[in-house]
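Here is the structure we will look at, set down as structure tokens.
The values are calculated or read from the model by the stated rules, or taken from the named source; none is laboratory data. Values in this document were obtained by computation on a predicted structure and should not be read as measured data. A quick note on method: Cβ atoms are made from the backbone with ideal geometry, for glycine too, and the neighbour counts reach across all protein chains shown. Side chains are part of the model used for accessible areas, which takes the heavy atoms of the whole protein and leaves out ligands, DNA and RNA. Shrake-Rupley method; radii C 1.70, N 1.55, O 1.52, S 1.80 Å.
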Amino acid sequence: MKRLAVIVDHEACWGCLACEVACKQENNADVGIKFIDVLEEPVRERNGKPHFSFNVNLCRHAECDGAPCVAVCPTDAIELREDGIVVMNIDDCVGCDLCIPECPFAAIVFNHQRSVTQKCNLCSHRVDRGLIPACADNICLAHCIYFGDPEEIRPRIEAMRRVRDRM
Amino acid sequence: MVEFVYSNVEKEMAAYGYDAVTHSHCRMCHGGCGVLVYTRNGKVEKIAGDPESPIGHGTLCSKGLASAQLAYHPDRLQYPVKRVGPKGSGQWQRISWDEALDTIAEKMLGYKERFGAESVVLGYGTGRENEAAIYRFANLFGTPNVLTAGHLCYGPRISTGIITCGSNPIVDYENKPRCVMAWGNNLVIANSDEYKGEDLSVCLDSGSKLIVVDPRLTRLAARADIWLQLRPGTDAALALGMLNTIIGEELYDKDFVENYVHGWEPFVARVREYPVDRVAAITWIPAAKIRAAARLFATTKPAGIQWGVAIEQQINCADNNRLLLALMGITGNIDRQGGQVLFKTPKINNVGKFGAHDKLPPEQVVKRLGGDRFRLAGHFAIVNPKCVWDAVVTGEPYPVKMMFFISSNPVMTRANANAVYEALEKVEFMAVADFFITPTAELADIVLPAATWLEMDYIGDFWKRHGYILPRRKVVQIGECRSDHEMLNDLAHRVGQGEHWWDDFEQGLDYILEPMGIKWQEFKKMKYARGEVSYEKHKTRGFSTPTRKFELYSTLLEQWGYDPLPTYREPVESPISTPERYAEYPYILVTGARSPGYFHTENRQLPNLRELQPDPFLEIHPDTARKHGIGNGDWVLIESPRGRVRQRAKLFGGIDPRVVGAQHAWWYPDKNVKGQGWNESNINVLTEDSYESCDPAMGANSVRTLLCRISRDSDQRGKGRGDAA
Ligand code: SF4
Ligand code: SF4
Ligand code: SF4
Ligand code: SF4
């Protein structure tokens, strides 16, 4: 079975934040609640030059080894699907907040307005209807948000990197 | 297993039960990106990109994706209003369109009769595709005074492009230049004019070289092969230094120079006044780096310069542009495939024709405010704002009695905001057309509700220079909002210029398309139209300049009494030109760096965009911040000799410790607070607008290079966000 995730090639990201707004438009998350978060890394030296890049953070789904958030949830509000999508059902979330420290990627946020935890569900409502997740549906000007099987995506990102770095 | 394809319209419609999808194109900035607008029950439900769009190929920015939040914003003005209390009181009364336009028409005609048509000034802000209609109206009315951003944005590229080579050369991203030099431009998040960030991004992903000239480390700069971190305002010197290397090392295109250039020898003599070592001292960039960049740019073919507004908001505005044109020209990249092309629009009644510039009587042309002082601007129908404020306040050279701002918020966007505010408070009659009651609209007598791009039919991009025109199709009607074009068409009939307009503005669109032999209803069904693409046209026809050559030496500037050769002037305020002031204001302040979500003064009301960045920030190097006890996120007071505002510190290692970078156009929309925080964080409270501080030919203000001092604000409340207590 094909496994699914959204994977971002951070080195190609321009930090335009369109993916955040596309996710908002689709999922209507409350103000301040982000399922996808574009983080600006601090300036550092790289190859003797000042450098910085962006890191686009969201739930790793099929790429998250063992999906540790799933087991820790006392109400089974988080489900690991066969296709690798990890769905959090906020109706079943009791706001115990146990999953947040379990996530190695800080991909779960606490929504104080509703006293529940929330995260990216890989737009499973779209995926199940044959649609690409909103953030990955060709809105990104860098074309660096990939959707599909990580095993197919990783080599594509590598190939792009080689051209981009003029190797 | 299902197959996933991008932008699957059928599945999208089925999954969400949308009734319709309209292909249109966005105008949350200057516009251009193709969009699919999904609607249900007559309401816009979703904005998505149109992969078939030639601009951006279906990728969108944050602003475009938030368009529906603008259209349906609860605070949006949906009907005309007139002010019933004193200026700024916020007391409005709903009126009909007829009453609003009749009042405006009556005022206009009255002032025209008593003080001349020139006493009425029309204004717009940045390019929102209404400019040709506004010029048409003004020219037919007889006023030479249209106050735009053209003196410091795009107007300089157009006017210097025209006097140098007949048009504004655009980077030919579709043919992937092998080297791009992004000069004061951050295309990937900026509100670009022709091509968008995607076109550049794809080009870089194909392995093109990148040179970035910017005082700030943008992500583009971080990815560059060479980043030239110049002292703000020294662009002209840097360009002269690069030209020096290119000429000295004979890296220029000899055939082009020999056959197609006017004024080579005097130009070379001027360039020789700027040896690279001298330039290094002026610009703070090591000489070796300047040479390396010059060589990379000159020897990688084809190459293009992605230029933008930053170089235009300086005293060297016109010469910065001319020097970049010179770099494009002598390296043989002008009108070269994959270089920098003089694209042709399709055969249409273009902006100039539609703008009816030939209808303004010569005796009115000479009355253009500031036309004798800023003569390059004057020849392109561009007015310096201070000339207008002065005419309002002093009545010299003649009184300005009425202003009509259409999609413009000068209180926020013009230099020396306090003087602007004073002039707007004083002017006898003012009308505004906009989406909201902005700080500028607060001072108006009548405010008209403007349509967003979702609410209009229009021929988009028809003023741009990439050669495309794109149909923008009306999706919804919201309240009584009207497009600026329809509004002006209606007003035109009320002031007696009806014979030059139409019963319905759709016929105006037909008029634009007439030379193509089609009507709007047909164009509406097309994806786009593009002018014939051809390259190196100068080889058969020369350039459209007086000498038919590429004018490194400008015969027109000479005729208008300017130095025909480009030169470098120190910024008006700088450690070198004003050392005493520098002792008191020890940082160079750059302004106006773009951030996602905002388009100048716009979008602070839209939740999905405001949360991207809730407050304005001032970029400060961590070492500098430490000296002043400023922590990341602290509110900081920024002061210049003109005034004081506050923004929040963003500690950023990508800016020189001697420089700080502020954001522009910040206000705090809140209809219940007088002024809506117009002077709390507005960087233009700090900028200067004296005539001496402007580019002598173009009248551009030095709003990006000034001196300031900074300190941690003792009041750390975020007032504009309502937590002022
Ligand atoms: S849309 Fe693409 S480029 Fe923009 S922030 Fe997201 S990942 Fe980065
Ligand atoms: S939320 Fe965190 S732990 Fe759970 S699947 Fe996603 S990435 Fe893994
Ligand atoms: S997959 Fe959907 S929910 Fe997840 S970040 Fe992207 S748009 Fe948001
Ligand atoms: S770049 Fe401009 S036209 Fe394109 S989506 Fe953004 S606002 Fe709209």
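Side notes on the structure shown:
- Accessible surface of the protein assembly as shown, 1.4 Å probe, proportion on carbon and sulfur as whole %: 49
- Averaging Cα coordinates gives a centre for segment A:82-136 and one for segment B:208-223; these two points are 36 Å apart.
- Within 10 Å of each Cβ in A:18-31, the average number of Cβ atoms from other chains: 6
- Overall form of chain B per C-alpha gyration tensor (a/c, 1.5; a/b vs b/c): rounded
- 12 Å Cα-Cα reach of B:Lys63 towards aspartates and glutamates, excluding residues that sit fewer than 8 places from it in its own chain: A:Glu20, B:Glu602
- Taking chain B and dividing mean pair separation by its residue count, relative contact order in percent (alpha carbons under 8 Å, at least six apart): 18
- Entries in B:Lys209/B:Lys525; B:Lys359/B:Lys527; B:Lys367/B:Lys519; B:Lys176/B:Lys527 that, when Cα-Cα distance is taken, lie over 29 Å: B:Lys209/B:Lys525; B:Lys359/B:Lys527; B:Lys367/B:Lys519
- Entry comment: accessible area of the protein assembly as shown is 35 Å² per residue, from protein heavy atoms only and a probe of 1.4 Å.
- Size of the A/B contact, given as accessible area buried on both chains, probe 1.4 Å, in Å²: 4300
- The trypsin sites (Lys or Arg not before Pro) of segment B:284-355 that meet both conditions, a loop assignment by DSSP and at most 16 other Cβ atoms within 10 Å of the site Cβ, are B:Lys344, B:Lys347.
- Average projection, convex hull of the Cα set of segment B:579-712: 9.1 square nanometres.
- Heavy atoms of B:Glu99: accessible area, 1.4 Å probe, square angstrom to 10: 70
- Set of aspartates and glutamates with alpha-carbon distance to B:Lys289 below 13 Å, sequence-local pairs under 8 removed: B:Asp225, B:Asp277
- Contact with the other protein chains removes 30 Å² or more of accessible area, compared with the isolated chain and a 1.4 Å probe, from these residues of segment A:115-137: A:Arg126, A:Arg129, A:Gly130, A:Leu131, A:Ile132, A:Asp137.
- Per-q log10 I(q)/I(0), segment A:1-123, q = 0.11, 0.14, 0.15 Å⁻¹ (Debye; single scatterer per alpha-carbon; no solvent): -0.41, -0.64, -0.72
- Panel note: the C-alpha atoms of the protein assembly as shown, placed on their principal axes, show extents of 82, 68, 63 Å (largest first).
- Three-way shape label, segment B:1-106, alpha-carbon gyration tensor, a/c 1.5: prolate
- Ranking of B:Thr687, B:Thr103 by solvent-accessible surface, largest first: B:Thr103, B:Thr687 (1.4 Å probe, protein heavy atoms only, all chains present).
- Three-way shape label, segment B:331-407, alpha-carbon gyration tensor, a/c 1.5: prolate
- In the context of the full protein assembly, B:Trp501 retains an accessible surface of approximately 10 Å², using a probe radius of 1.4 Å and ignoring ligands and nucleic acids.
- The 3J(HN,Hα) values that the Karplus relation (6.51, -1.76, 1.60; θ = phi - 60°) gives for segment B:58-70 are, in residue order, x, 7, 10, 9, 4, 5, x, 5, 9, 4, 5, 5, 6 Hz. Gly and Pro appear as x.
- Positive minus negative residues near A:Arg161 (Lys, Arg vs Asp, Glu; Cβ under 9 Å): -2
- Cut-off under 5 Å, modelled amide H: who pairs with B:Thr331 long-range: B:Asp253
- Long pairs among B:Lys87/B:Lys671; B:Lys82/B:Lys353; A:Lys119/B:Lys671; B:Lys301/B:Lys347, criterion Cα-Cα beyond 23 Å: B:Lys82/B:Lys353; A:Lys119/B:Lys671; B:Lys301/B:Lys347
- Per-residue accessible area (protein heavy atoms, 1.4 Å probe) orders B:Arg473, B:Arg272 as B:Arg272, B:Arg473, starting from the largest.
- Candidate aspartates and glutamates - alpha carbon under 14 Å from B:Lys537, same-chain residues fewer than 8 apart omitted: B:Asp335
- Applying both filters, DSSP loop and at most 16 other Cβ atoms within 10 Å, to the GluC sites (Glu not before Pro) of segment A:30-114 gives A:Glu82.
- Whole-Å distance, taken between Cα centres, linking segment B:143-199 and segment B:56-73: 22
- The GluC sites (Glu not before Pro) of segment B:183-261 that meet both conditions, a loop assignment by DSSP and at most 15 other Cβ atoms within 10 Å of the site Cβ, are B:Glu249, B:Glu250.
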